[in-house]
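Engineer: Next up is a structure, given as structure tokens.
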Amino acid sequence: MTSTEFIEYRLEHLRDRLAREEISELGVRVEARGAGALVWGSVNSADCRAAVLRIAGEELAGVLWREDVTVSCPGPPDHSEELP
């Protein structure tokens, strides 16, 4: 198995786990980037973000990976928009 195949194998395990675990987070993308991986997307809460990063760390142990997972706030705005 080549290193690219190994990384893809690990990424597929991560994708499956993110889809089937209690967080069922489908807004997160996982991609191979060279000899490493990128986990990115948007989640609904800080707890969900922490769970995604924990799971990624477990599934990608030994693989260089980066993350860009943000928390979106779907609630109403807390102030009015100022128009010119």
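The values are calculated or read from the model by the stated rules, or taken from the named source; none is laboratory data. Treat the numbers as computed from the prediction; the structure is a model and nothing was measured. The area values use the complete protein model at the heavy-atom level, side chains included, leaving out ligands, DNA and RNA. Shrake-Rupley method; radii C 1.70, N 1.55, O 1.52, S 1.80 Å.
Engineer: At 222 nm, what helix-only mean residue ellipticity would the chain give, in deg cm²/dmol to the nearest 500, using -39500 (n - 2.57) for each DSSP H run of four or more?
Structural biologist: Helices in the chain give a 222 nm mean residue ellipticity of -12500 deg cm²/dmol.
Engineer: Let me ask another. Answer with a single label: of [x] 1.06; [y] 1.09; [z] 1.13, which was calculated as Rg/Rh (Cα atoms, Kirkwood Rh) from the structure in view?
Structural biologist: The value computed from this structure is option [z].
Engineer: Given an 8 Å cut-off on Cα distances and at least 6 residues of separation, report the relative contact order of the chain as a percent.
Structural biologist: Details: 101 pairs, mean separation 24.7, N = 84.
Rounded, it is 29 percent for the chain.
Engineer: Considering only ARG49, ARG17, ARG33, give the residue with the highest GNM mean-square fluctuation for the chain, with springs between Cα atoms whenever their separation is below 10 Å.
Structural biologist: Comparing ARG49, ARG17, ARG33 in the GNM, the peak value goes to ARG33.
Engineer: When ligands, DNA and RNA are left out and all protein chains stay put, how many square angstrom of accessible area per residue does the chain have with a 1.4 Å probe? Please list the in-between numbers first.
Structural biologist: Numbers: 5770 Å² over 84 residues.
Heavy-atom accessible area per residue stands at 69 Å².
Engineer: Give me the percent of accessible area attributable to carbon and sulfur for the chain, probe 1.4 angstrom. Walk me through the numbers on the way to the answer.
Structural biologist: Details: 3100 of 5770 Å².
Carbon and sulfur together cover 54 percent of it.
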